[in-house]
Amino acid sequence: MYAKNIWKDASEEKMQAIMDFSEGYKKFITKGKTERLCVQEALELAKAKGYQDLSKVKTLKVGDKVYLTNMNKNLVLFQIGKKPVVEGLRVLGAHIDSPRLDLKQNPLYEKNDFALLDTHYYGGVKKYQWVTIPLAIYGVVVKKDGTLINVAIGDDENDPVLGISDLLIHLASEQLQKTAAKVIEGEDLDVTFGSIPLKDTEKDAVKANILKILKDKYNFEEEDFLSAELEVVPAGKARDYGLDRSMIAGYGHDDRVCAYTSLMALLDSKPSDYTSCCILVDKEEVGSIGATGAQSVFFENAILDLLTLQNNTSLKDLRLALARTKMLSSDVSAGFDPLFAGVNDAKNAAYLGRGIVFNKYTGSRGKSGSNDANPEYIGWVRMVMDKKDIHFQTAELGKVDQGGGGTIAYILGNYNMNVLDAGIAVLNMHAPMEIVSKADVYEAYKAYQAFLEE
Ligand code: MN
Ligand code: MN
């Protein structure tokens, strides 16, 4: 069903299914505020459904469920199909990193009786959106002996929250003359961390007190910040949005909403002809680079593991398996916002409540950096959707020349596989509070499942 509002024709049962499904999703993003925590959450869900560590598996048969993790920030799961893997797979790929503020390696300093933490933003952010809101810190600190310390401050109801200050309106006449990009500058996104000086200390007594608390609570020293990965993210739970509870407000819908729906589609799907796969990658917001990003050979190696277990060990088998694979690159689309209608071509925009969004291409200017899916493949995807009465729509990212963006689609496309961008429309993308429609969340889950089972 193309471009129709889901709520209009939803039965009582479907309305209930939409609402029920969104509860699981809200839990997932409330806990999964970093890529590491998303991997942890996803693994818990997968293990409950019988998924096993592929590196410990000796044989593969139809219906077997296996996973591999990569450096705790990247996860791939497979359900073995009836045909051998060399015949190709059905892949859903989403990213679990979201824009945020990372602590610098040397973050802690004292100024005018405040202890502060210096940050470096990660991904595309409107910096002014990150001040005067409750923030939390999550991540790990790794000591020289390899001890890994988990840090979580700001979401337990007994925790304090953190935050970044902004200038009072009374003294802001100069600030308000600046462009939005300069109102809050990157170097000023410093988190307020404390204000009590340590007794009998002369220099930097507030900082000394903070270090004492860190030592007592987490048992690490200032120098251990050098080998830490600490992420400043919005504090608080994902919540229902709108009086009719039709939407979800939360941090990190981009792209955990597609990660969760892709994961659940796999976990709830029946074994099909082709091996089903869900891959959750890191680093999409900064170009998909590095060991845990979509450009890593981790995915290729995982396919190689499957092929080896099925005695298809040549390089040609690997290349054939990848080229015969079909993929939906599960990533969010820019939802049409009536308050900013001018940035879209209304007939090629994604609307909340109208189902999964297919982007033939993303990119910017002349489709630069885009995968631009083949019409032969899009035709096949339309057939799959209509067979199961799935609501879908098509869109591009704003008007031509308006801006743009990319996804992981082209990276997997490089393996010579058919890839189409497919995801959920989001309002306020990359803001500390993003919005999605519950109907779209559920419909994407059904769409991904239909894709895997076709
Ligand atoms: Mn994304
Ligand atoms: Mn993004």
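No lab work stands behind these numbers, since they all come straight from the coordinates. All values derive from a computational prediction rather than experimental measurement. In this analysis, Cβ positions are derived from the backbone assuming ideal geometry, glycine residues included, and neighbour counts consider all displayed protein chains.
Below are the figures for this structure:
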| quantity | calculated |
| --- | --- |
| Using alpha-carbon coordinates, inclination of helix 35-48 to the longest axis of the chain, degrees | 50 degrees |
| Loop-located trypsin sites (Lys or Arg not before Pro) in region 107-182 whose Cβ has at most 11 other Cβ within 10 Å (DSSP) | LYS144 |
| Residue order, fewest to most surrounding Cβ atoms within 10 angstrom, among GLU41, GLU453, GLU202 | GLU202, GLU453, GLU41 |
| Top positive-direction residue, dipole computed over region 100-234 with Cβ charges, set ILE184, SER227, LEU162 | ILE184 |
| Using θ = phi - 60° and Karplus 6.51 cos²θ - 1.76 cosθ + 1.60, couplings along region 375-391 (whole Hz; Gly, Pro as x) | x, 4, 6, 4, x, 5, 5, 4, 4, 4, 5, 5, 4, 10, 6, 7, 6 |
| Footprinting exposure proxy for ARG90, ARG319 (fewest neighbouring C-beta atoms within 10 Å first) | ARG319, ARG90 |
| Percent RCO, i.e. relative contact order, over the chain, from Cα pairs under 8 Å lying at least 6 residues apart | 24 percent |
| Shape metrics for region 100-234, restricted to C-alpha atoms - Rg then Dmax, Å | 15.7, 51 |
| Simple label model, 7 Å out from Cα along Cβ direction - ASN311 to TYR2, nm | 4.8 nm |
| Average Cα contact separation per residue, region 100-234, under 8 Å, 6 or more apart, as relative contact order % | 38 percent |
| Cα centre as origin, Lys/Arg/Asp/Glu Cβ charges: the chain dipole, Debye | 1400 debye |
| Cross-link table LYS26/LYS438; LYS126/LYS438; LYS182/LYS399; LYS104/LYS283; LYS65/LYS387, entries beyond 19 Å C-alpha to C-alpha | LYS126/LYS438; LYS182/LYS399; LYS65/LYS387 |
| Isotropically averaged projected area of region 264-342, using the convex hull of Cα atoms (one quarter of hull area), nm² | 8.2 nm² |
| Electrostatic dipole magnitude of region 100-234 [Cβ: Lys, Arg +1; Asp, Glu -1; Cα centre; debye, to 20] | 240 debye |
| Mean ellipticity per residue at 222 nm, deg cm²/dmol - from DSSP H runs of n ≥ 4 across the chain, formula -39500 (n - 2.57) | -8500 deg cm²/dmol |
| Whole-Hz ³J(HN,Hα) from phi, Karplus 6.51 cos²θ - 1.76 cosθ + 1.60, for region 114-131, glycine and proline x | 10, 8, 10, 10, 7, 10, 9, 5, 10, x, x, 10, 8, 4, 5, 6, 9, 9 |
| Region 272-353, dipole about Cα centre (Lys/Arg Cβ +1, Asp/Glu Cβ -1), debye to the nearest 20 | 320 debye |
| Gyration tensor verdict on region 101-144 (Cα atoms; rounded if a/c is under 1.5, prolate if a/b is larger than b/c, oblate otherwise) | oblate |
| Rel. contact order, % - alpha carbon contacts under 8 angstrom, at least six apart, region 356-454 | 36 percent |
| Helix 205-218 vs. the chain, principal-axis angle (Cα, 0 to 90°, nearest 10) | 40 degrees |
| Cα-based radius of gyration of the chain once divided by 2.2 N^0.38 Å, which approximates compact folds | 1.02 |
